[in-house]
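Take a look at the structure below.
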Amino acid sequence: MAEALLYGIVIILIVLNIVLLMLYYSAKSNPYYVVYDEETKSALKRRVTSLKEELESELVDFDVDDWERTLEESIDEEVRNL
């Protein structure tokens, strides 16, 4: 009886190890997050900051009235082409 219980526990542990190994390789091949070192983080922060500044400078020069007029002309042209 004790041998059957021992074999059952061994089988369960082997199956558990196989499942954990499959989960490990699955997580390794498809990571859900990326860990960056400090140099990469600071480079990304600088890039985001520069892109933000570029966008803000373009928004200062952006004319909403001109954009709306161009959009209306484009819509009218599309309607005429239908």
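The values are calculated or read from the model by the stated rules, or taken from the named source; none is laboratory data. Just so you know, these numbers come straight off a predicted model, no measurement behind them. Cβ atoms come from the backbone with ideal geometry, glycine included; neighbour counts cover every protein chain shown. Side chains included, ligands, DNA and RNA excluded: accessible areas come from the protein's heavy atoms. Shrake-Rupley method; radii C 1.70, N 1.55, O 1.52, S 1.80 Å.
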task = Report the charge-dipole magnitude of the range 1-77 in Debye, nearest 20, computed about the Cα centre from +1 at each Lys and Arg Cβ and -1 at each Asp and Glu Cβ.
result = 1400 debye
ask   = Given LEU44, MET22, ALA4, which one lies farthest toward the positive end of the charge dipole of the chain, if we put +1 on the Cβ of every Lys and Arg and -1 on the Cβ of every Asp and Glu?
value = ALA4
remark   = Largest-first ranking of TYR7, TYR24 by accessible area, probe 1.4 Å, whole protein assembly kept, is TYR7, TYR24
task = Could you pull out every one of the aspartates and glutamates with an alpha carbon less than 18 Å from that of LYS45, ignoring same-chain neighbours closer than 8 positions?
result = ASP37, GLU53, GLU54, GLU56
task = Under 1.5 on a/c is rounded, so check that first for the range 22-64, then, if it is not, pick prolate when a/b is larger than b/c and oblate when it is not; a ≥ b ≥ c are the square roots of the alpha carbon gyration tensor eigenvalues.
result = oblate
All-pairs alpha carbon distance profile, the range 1-72, 10 Å steps from 0, percent = 14, 16, 15, 15, 14, 10, 8, 5, 2
inquiry  = What is the angle, in °, between the Cα long axis of helix 38-61 and the longest principal axis of the Cα atoms in the chain? Nearest 10 is fine, range 0 to 90.
reply    = 20 degrees
query = Under a 1.4 Å probe, what is the accessible area of the chain per residue, stated in Å²?
reply = 101 Å²
query = Simple spin-label model, 7 Å along Cα-to-Cβ: ILE75 to LEU5 in nm?
reply = 7.8 nm
